[in-house]
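The values are calculated or read from the model by the stated rules, or taken from the named source; none is laboratory data. Please read these numbers as outputs of a predicted model, since none were measured by experiment. Here Cβ is always computed from backbone atoms with ideal geometry, including for glycine, and neighbour counts include all displayed protein chains. When the accessible area is computed, the model is the full protein with side chains, heavy atoms only, and any ligands, DNA or RNA have been set aside. Shrake-Rupley method; radii C 1.70, N 1.55, O 1.52, S 1.80 Å.
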Amino acid sequence: MNGTAAAATGSASCRFAHYFVVCGVDTETGLEPDDGAGEAFEQSPIRRSFKSKLLVHYPENTDRNPFNKDAVNMLCMPRGLSFRTQADRLDPQFHSFTIAFEDGSRSYGFVRTFYEEVTSPQIITAMQTLYQMHHVEHHSSSSASSPSSSSSSASSPSTSSMDSLVSSLDESDGDSLAGVSGCLGCAGSFDPTRDTLYVSKALCLVTPLPFLQASRQFLAQLHQAVTSQTAPPLPLESYIHNILYEVPLPPPGRSLRFHGVQGPIVCQRPGPGELPLGEYLLGEAFSLLGVDNMVKLLTCALLETQVLLYSQDYQRLMTVAEGITTLLFPFQWQHIYLPIVSTPLHHLLDAPVPFLIGIQRRDGAQRSSLHLPHEANLCFVDIDNHCVDAPEDLPLFPDQTELIQELSEVLLHFGIPPQGGVITKPTTTTSSSSSSSSPRLSSLVLEDLMEDRRNGNLGGEELAVLERLQALARRCGGRKMSDGGKTLGHVFEEEEEELKAAKLNIQLREVFAVRFAAMFGRYEDFVIHSALDLDSWLSNREGTLSFDKGSFLSVQPPTHLHFLSRFLETSIFSSFVDGKVISRWADREPLQQLFDSRLERERLCDTGDEDSRTSPYRKCTVLFESAQAVERRLLKTDHTAIHPHLLDMRIGQGRHHPGYFPKLQADVLAQAQNTNKWSCRVTPSRRSEPKRSTVTDHSGVDNEPRQKHTFMRRTLRHSKLLDQSPQAVTQTHREFVDGLLSECRLKTKRMLMERMGKESVELGQGEANITGLQENTLIHGLCDLLERTWGHGLQMKQGKSALWSHLLHYQAAQGKMEAPTESPGSNCSDQRTLDDGVLPLRGSLIQDMRFIQTMSESLSEVGQARAWIHLALEKKMLSQHLKELLTNQELLRQLYKPHAFLLCEEEREQFLFHLLSLNTVDYLCFTRVFTSICIPYRVIIIPMKKLSIAMATVNPWVCVSGELGDSGVRQIPKNTQEIYFQCKNMGRLSTLQLGQENSGLLAKCLIDCVMVYNEITGHTYKFPCGRWLGKGVGDGSLERVLIGQLVSPGVEEDAGRWTGTPPELASPSQSVRTVLGSLGSRSRMLSVEVQEDMREAANNLVKHFHKPEQEKGNLTVLLCGEGGLVLSLENFLLHGFKSNRLFQRSVFVWDFVEKAVVSMETADQMGDLQGSTLTKGPPCDSLCHYANAINASPRNIGKEGKFQLFVCLGIRDRLLSQWLPLLAECPLTARTYEDGALLRDRAAVLSLSRILHTLNEFSITLETALVKGVDL
């Protein structure tokens, strides 16, 4: 250990503490009001805050941890100086803070704040003067009729220093104010002749690791030495010098004992395979908030919502913040992290990025008193009231119920109720007001016994004696051993409480660590290593896909997908994956290395090959072992540091004045003194040295700088955020603006890459891969980005949503300027040329808002804003609407501060340009999310132009069907070709039934197509027909089922190109139904194509059923659309069909099926199958039964419709593959087909039968529109 001592005196990186700091009042500069404290001058001066000053800090600077004077001063005394009198409580307080550095490391500050009597006459006089002025102003304002006098006078004290106030008062003024001092006993009163004035002072220790308990004990002992009537054994400088320069960090996996003023202090550090050091009391955090709220809060942190902590107690803010970030292992918070924010930094609540910020609650203040610019994605944590208000639609944490149950069991084992809202019994390790946290025993022998017990140096007999003493002390109830000391029973109780808290900490953390290991145990299998070297990876970082998210999600349990799909999009997860990619060329991050080594150990132990989608919840099995390791280190110290000793100080220095912290001697504390003669006092324990592990230390302190290529996503430097100067604040918001623009560019690029990349391989068959879950995740991220953008610099808001607030203000402004425009449902002013397919006029920004406001679903402001974004995105109007919203410059300047993003013209235009790029792909996000709303539709029947007059004789009806339901039968009014109706959202439209009731010979019409318009989203669906509707013409159909295609909104049909998703295949028109049997030579040429089309149609169906649920296309299209199974089979059966060439009659396959059924039934009745290979059996019976049932249907769907129904029912009931050979072997076939027909080719029929047989393994559900009227 001699080497450790040398390192401790030489290198700051190996020391237990980096700095010792004292903050308080500077008697030379006097009192200066803290303008940023947010306090009214109506308060008594004794209750106001004044600026604190950093009085001294030692040493001046250290390597790799430069001292930030302003930041440390602000965090030591976030509310500035506080004054008290003897009538107030003067309990000392403890809190801690953290400061982050650019490389991601942190240092921790631990602060003991106490009250010291003011001895400076200038300060006392200044306070007296302020109080007298306040009393006069308060008296005059209460009696005056005009409020202006008090407001003008109340602001005057803030303009100058208090010393100048004292000197500027004339003697006559002083005489007139002298009579005011008679307000004896008033709250906040001050009379120097009667009252003793106290002011707050802070002692702070800055350490590289979160040694909470040891630092708290050291500061408490230091403070007790100051207040004690007897002087400490050594000057205070000796103890401060010792902890700064002579106490080293404990080695990993070991514990260290060093000495405070009154007694020994022990700290420990986890070993290489254990979780990193975390001493903040998780038990206290769970006691305050409860298990449910802590899991909810952790979910919010993982999904990078903005987390705002709110409490009167600074240490509670730190406890919850550090507790949550500790539980994130192996992930790390990547954004703004300020657990304690003073009032001058409240502008950071404007930050349009994820943050974890803590704000102190003022006395009696409520949440409504805070200015929160955007709350759409805010998690508000009211610690004192045990409440967590999470954002809307927060997904559940995976296996949340089981996790809460396991955590509750751990807490109950330690006597903590899991429901929260209970404050644990304060002990010296948790109480901020305890006078001491180490034993001060009168007997030196007993003290030695205590230390020997800690070091494991007691034999069996001595240990037994000590245990009997302990039991005796407990039975006796504990009498004081000395006047300032503690009972022996109390000492042991404190030790046990400290040990209990440490064991609870590690067990709670292990439960979460095991959960993350279960969720991401195979994450390495999905990391994509595409770059050849680090430089090429860094240069192409934005365009490189580092993790296969789709494949990872496909093997997860369905209940986890909502959370995981959003978590995979966070910076927390991205930086974790980036660390894994970079580890090929550089050192791995310590946390990631630890996580990977744990996963490797689990794989070696776990021989089972369970499916991650169905694997049961597994509890943590290492709770006992992890707690045992901590207990072993705390009960048996491994090393002892050099004891404090006399320094080379001049005689008379370091004199003790009870109650006053002395002025420290800078010459002995500025740097380490020569301690060679003391280095031999560092003694290792008798335990053997551990073997070196291959896992590097992960405690956060590196002995050597990390390699130059560390890829850290740090948004802003911590030191910049803590800078209160106007220039720094402006620069911070400038960086926020740049960050928002960059995030918008990356988000829109990601949405386009994912969507278009999947579309290019889908070739129009089915939906693009990004639909469903992943699409919702990306759009949720876009909504969050827009909310944060609109919340930046906002000063006027109504409701929780910044964007919706702006829209409401814009709506009100437009309402004043012009008359309200017509509602989106109205059609009286529509001027459309329906027959050339012009798309409907799309709604304006205001019309869309009005529709959202009148939706039947009760939406919050946040929900309304998201619904509006979904609608605008689906209509491809998002960029245009937002541009229109931002044209009202007067409203913008009224709503926003000058630094707001929306007032930066160049960045705003680029932002809108990136959003405009989303118009190149199609989204159905509004249609698919808001499924229960009522939507207006318009249906228009378009006849062939030459025969449009025939529509007058037809009385048509329509029934539109989609993913979510159908419209029911809607009768078209006479002498019109269109109908307008409202019904529940039908989703993406798929089929349309078109029919007519007139059966007369004149009631017939040749229909070109039917157009259906969604009047809200602007989507247009085209249902091609190209066939007759009427008796005695075509196939005599009075009803047809048409298959629709979505026409891209905003694109004229004659443009000849598609800008978005390739169109789905429509219902086949008459023109494509070529009669293949008309020419024998042509039939031989096309047989290969017909067979290929058949295979392709069946293959599309197979692919459909192998896709994840959210990626499947429309099954009806694959069955009945162009290129679908029905048309392919029809072409197969038409191949080589003999026809009457003289009259060129239309040939229908159903004619052949009907005749074949009659032939089979007749032959069966006669008992003569004419020597055919056809045998009577169930397939033959089912074929006849289905054909007869279809013919008996009350629906008049024509011959084409009947064949379509025949195929659909056959494939649904797994009979089609059996029917085809029956038709081929029927005696009628030889007379009806030519020799080269495919149906007479045994090999072709057998091949097709096998193809159809492969579809039997799938469960096919047909739309109601296809099978209506047939009960089979």
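Here the spin labels are modelled as points 7 Å beyond Cα on the Cα-Cβ line, and at Asp292 and Glu631 they lie 3.3 nm apart.
Rounded to the nearest Hz, the phi-derived 3J(HN,Hα) couplings of region 1020-1034 under the Karplus curve 6.51 cos²θ - 1.76 cosθ + 1.60 (θ = phi - 60°) are 10, 10, 10, 10, x, 10, x, 9, 7, 10, x, 6, x, 9, x, where x marks glycine and proline. Between Asn955 and Val1033, the FRET efficiency estimated from the beta carbon spacing at R0 = 22 angstrom works out to 0.85.
Phi angles of region 323-335 translate, via the Karplus equation with coefficients 6.51, -1.76, 1.60 and θ = phi - 60°, into HN-Hα couplings of x, 5, 5, 5, 6, 6, 3, x, 8, 10, 5, 10, 10 Hz per residue; Gly and Pro are given as x. With each label modelled as a point 7 angstrom along the Cα→C-beta vector, the Met753-Met944 pair spans 5.2 nm.
In this label model, Asp1235 and Val136 are separated by 12.8 nm, measuring between points 7 Å along each Cα→Cβ vector. Tally Lys and Arg at +1 and Asp and Glu at -1 over the other residues with C-beta under 13 Å from the C-beta of Leu669: what net charge comes out? Charge balance near Leu669 sits at -4. Remark: the Asp1271-Asp103 segment gains 413.3 nm on full extension, using 0.36 nm per residue and subtracting the alpha carbon distance.
Of the peptides 804-815, 1235-1246, 1254-1265, 197-208, the order by per-residue mean of other Cβ atoms within 10 Å, starting with the highest, comes out as 197-208, 804-815, 1235-1246, 1254-1265.
Each peptide among 349-358, 525-534, 211-220, 112-121 gets the average number of other Cβ atoms lying within 10 Å of its residues, and from highest to lowest they stand as 211-220, 349-358, 112-121, 525-534. If R0 is taken as 51 Å, the Cβ-Cβ distance between Asn385 and Val969 corresponds to a FRET efficiency of 0.35.
Along region 1244-1252 the Karplus relation, 6.51 cos²θ - 1.76 cosθ + 1.60 evaluated at θ = phi - 60°, assigns HN-Hα couplings of 5, 5, 5, 4, 5, 4, 5, 4, 5 Hz to successive residues, with x for each Gly and Pro. Counting only Cβ charges, +1 for Lys and Arg and -1 for Asp and Glu, the dipole size of region 1199-1272 around its Cα centre is about 60 debye. Relative protection proxy for 242-255, 19-32, from highest mean packing down: 242-255, 19-32 (other beta-carbon atoms within 10 angstrom). You can think of it this way: the chain between Arg1242 and Ala812 has 147.3 nm of extra reach, that is 0.36 nm per residue less the Cα-Cα gap. Pairs from the table (Lys1199/Lys1268; Lys1031/Lys1202; Lys1138/Lys1199; Lys663/Lys720) lying more than 20 angstrom apart at Cα are Lys663/Lys720.
For Val247, the residues 5 or more places off, or on other chains, whose built amide H falls under 5 Å of its own are Phe16. Our estimate of slack between Glu402 and Asp63, defined as 0.36 nm per intervening residue step minus the Cα-Cα distance, is 117.4 nm.
Taking Met1094, Met817 and ordering them by how much accessible surface each has at a 1.4 Å probe, largest first, produces Met817, Met1094.
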